[in-house]
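The values are calculated or read from the model by the stated rules, or taken from the named source; none is laboratory data. Owing to the predicted nature of the structure, the values given are computational and were not obtained by experimental measurement. Because the Cβ atoms are built from the backbone with ideal geometry, glycine has one as well, and the counts that use them run over all protein chains shown. Heads up: the accessible areas ignore ligands, DNA and RNA and are worked out on the full protein's heavy atoms, side chains in. Shrake-Rupley method; radii C 1.70, N 1.55, O 1.52, S 1.80 Å.
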Amino acid sequence: MLKILIYTALLPEAQPLINFLKLKQDYSVQNLPQGNKLYNDEDDKYLLIISGIGKENCQKSLEFVYENFEIEKAINIGIAGCSDGSVKIGTTFCTNKLLFGINFASITTVDVPLETDENLESLLVDAEAKYFEETSKKYCNDIYTFKVVSDYIEDDTKKDSFIIDLIQNSLDKLKKHL
């Protein structure tokens, strides 16, 4: 059965989606990459995976999903740093498609957190978008990357509740694309 994949790096990014879509953690899946969590819904329409931060975690979790499930649409939802201090924290962007009612911006994916936006040529920065899109394009044609601005390229850890609130507040814009 074809599924809609929702990919996040962090549980706080996923929590509002888990609640909204009434997803339950699936403990029955064999050989899930270490540290990953998998969720699905009663109707078997959605599959949500949480991978952990960064390239290796992203690629491993997505390869696992695409090798074990039939995916018709892949969606990455997460937080991103922003190089423009005039962009409001909590602003939602799609970084790979022009969509009505959602801001569009370019994104740079980095393997090490930036200390400054001095050489950054995009508005947004994160740790997975590029790898999500590269891996997903091998298996799926309908791909969306949504990012919610969480900071202005500051290297400080965000509280889980702050991340949950950011994603929760963006759900109205995102739900028609789920």
Of all residues in the range 1-51 being among the hydrophobic types (A, V, I, L, M, F, W, C) and assigned to a loop (DSSP other than H, G, I, E, B), which is nearest to the chain's Cα centre (by Cα)?
Ala9
Checked the range 100-111 for anything in contact with a Ser or Thr (Cβ under 7 Å, 6 or more places away or on another chain) and either open to solvent by less than 30 Å² (accessible area, probe 1.4 Å) or in a strand (DSSP E or B) (or both); matches are Ile102, Asn103, Ala105, Ile107, Thr108
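Yes/no per residue for (1) among the charged types (D, E, K, R); (2) in a loop (DSSP other than H, G, I, E, B); (3) at pLDDT below 95; (4) open to solvent by less than 70 Å² (accessible area, probe 1.4 Å):
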site	(1), (2), (3), (4)
Leu98	no, yes, no, no
Pro113	no, yes, yes, no
Thr135	no, no, no, yes
Val149	no, no, no, yes
Ile153	no, yes, yes, yes
Does the range 61-102 hold any residues that are under 24 Å from Asp156 (Cβ atoms) and in contact with a helix residue (DSSP H, G or I) (Cβ under 9 Å, 6 or more places away or on another chain), and which are they?
Asn76, Ile77, Gly78, Ile79, Ala80, Ile89, Gly90, Thr91, Thr92, Thr95
Do the conditions hold for Lys55, that is, is it open to solvent by 30 Å² or more (accessible area, probe 1.4 Å), closer than 30 Å to Glu121 by Cα and in contact with a helix residue (DSSP H, G or I) (Cβ under 6 Å, 6 or more places away or on another chain)?
yes
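Mind checking which residues of the range 5-49 are β-branched (Val, Ile, Thr), open to solvent by 10 Å² or more (accessible area, probe 1.4 Å) and at pLDDT 95 or above? Working first, answer last.
Of the range 5-49, the ones β-branched (Val, Ile, Thr) are 6, 8, 18, 29, 49.
In the following step, the residues that additionally are open to solvent by 10 Å² or more (accessible area, probe 1.4 Å) were identified as 18, 29.
Within the range 5-49, just Ile18 meets the criteria.
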Using the structure shown, decide if Ser122 is touching a Ser or Thr at 6+ places or on another chain (Cβ under 7 Å) and either under 18 Å from Leu38 (Cβ atoms) or outside any loop (DSSP other than H, G, I, E, B) (or both).
no
Which residue pairs have Cβ atoms closer than 8 Å, lie 6 or more positions apart in sequence or on different chains, and pair a first residue in the range 130-149 that is without any contact (Cβ under 8 Å) to a residue 40 or more places away in the chain with a second residue that is open to solvent by less than 30 Å² (accessible area, probe 1.4 Å)?
Lys130/Thr109; Lys137/Ile143
Within the range 61-82, can one find any residue that is in a loop (DSSP other than H, G, I, E, B), open to solvent by less than 20 Å² (accessible area, probe 1.4 Å) and at pLDDT 95 or above?
no
